[in-house]
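The values are calculated or read from the model by the stated rules, or taken from the named source; none is laboratory data. Just so you know, these numbers come straight off a predicted model, no measurement behind them. Here the Cβ is made from the backbone with ideal geometry for all residues, glycine too, and neighbour counts use every protein chain on show. What goes into the accessible areas is simple: the full protein's heavy atoms, side chains included, and nothing from ligands, DNA or RNA. Shrake-Rupley method; radii C 1.70, N 1.55, O 1.52, S 1.80 Å.
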Amino acid sequence: MFSALIIEDNLKIQEELENSVKKLGVDVVGKVSCEEDAKAVIIENNPDVIFCDINLPDFNGFSFAEQLKLIYPSIEVVFITGYTEFAHKAFEIQAIDYLTKPFSYERLKECVKRLHSHFNKEKNKKSMQLDLLPIKSNKGINFLETNNIIYISSEGKFSTIISIDSGKYKEIKTSETLKSIEERLDPNRFARTHKSFIVNLSQVNRIEPSGQTNLIFFKSCSDMAYLSKNYMLTLYKKLNFR
């Protein structure tokens, strides 16, 4: 079973979609019609997927999904709309499906089946992951123990992995992007805190405000990382701080 949030301003469609996906074994954690309510449900429940209308009274579904993917890359998106011409744009945003209203129960069943298949594959992939992170560098491939990683940063075309091994501070530069590295890390142990930083949650010592942003201090080194407002709530939730 996976969880879903429905974002739709038509109350009749909201109700019908909720009843249908529940019959198909989906746990509906919320039904909303505005951006503010959607964000609140996502922060509180962290759904696996959102069923999102494209044209809503106070916000655009595409823009919302793009921002969502930056902060919650693991949440999948299914667009629901009365327009067929937006399908190309939807898949550019990496939507897992695109439902054109009015859609049949069979079409919705096919969508839910696709979601189940996707989440099962992701689950199997994570269970097979080794506790080693292979990183390409100019010296070849380095295999880093993820427990030893303190943080990862990016600048220009390069990313830098900072780790501690047997008490020694290590720095490895790679041409791999922050996004590609993030996709191979356990989201329960690592968190994006800024467009240029990923941190190991177990290495966070304290967080202090600094002007318009926040600074993260670590247990194993004197370096600092940035925490931007866009990622603050997600980080606090992962740290069980409210």
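The length gained on full extension between L132 and E15, counted as 0.36 nm times the residue separation minus their Cα-Cα distance, comes to 37.6 nm.
With the cut-off at 1.5 for a/c, could you classify the stretch 28-155 from its C-alpha gyration tensor as rounded, prolate or oblate? Prolate. Shown is the FRET efficiency for K219 and E44, computed with R0 = 25 Å from the Cβ-Cβ distance and rounded to the nearest 0.05: 0.30.
Add +1 for every Lys or Arg and -1 for every Asp or Glu among the other residues with Cβ under 11 Å from the Cβ of F2, and state the total.
-3
With R₀ set to 35 Å, the beta-carbon distance separating K113 from N60 gives a calculated FRET efficiency near 0.80. In this model, which of K31/K109; K109/K229; K101/K195; K31/K89; K39/K101 are farther than 26 Å apart at the alpha-carbon? Too far apart for the 26 Å limit: K109/K229; K101/K195. Once neighbouring chains are kept in place and the probe is 1.4 Å, which whole percent of the accessible area of the chain is contributed by carbon and sulfur? The value for the chain is 50 percent carbon and sulfur by accessible area.
Sequence neighbours fewer than 8 away in the same chain don't count; with that in mind, list the lysines whose C-alpha is under 17 Å from K113. Cross-link targets: K22, K23, K121, K123. Phi-derived couplings, Karplus 6.51 cos²θ - 1.76 cosθ + 1.60 at θ = phi - 60°, listed residue by residue for the stretch 30-35: x, 10, 9, 10, 9, 4 Hz, with x used for Gly and Pro. Projecting label points 7 angstrom from Cα along Cα→Cβ for D186 and E155 puts them 3.0 nm apart. Residues T81, T213, ordered by accessible area of protein heavy atoms at a 1.4 angstrom probe radius and largest first, appear as T213, T81. Under the simplified labelling scheme, the L24-I93 pair shows an inter-label distance of 1.9 nm, with each label point 7 Å from Cα along Cα→Cβ. Length, then width, then depth: along the principal axes, the Cα atoms of the chain run 60, 39, 30 Å. Counting only GluC sites (Glu not before Pro) that DSSP places in a loop and that have at most 15 other Cβ atoms within 10 Å, the longest clean stretch of the chain runs over 86-182.
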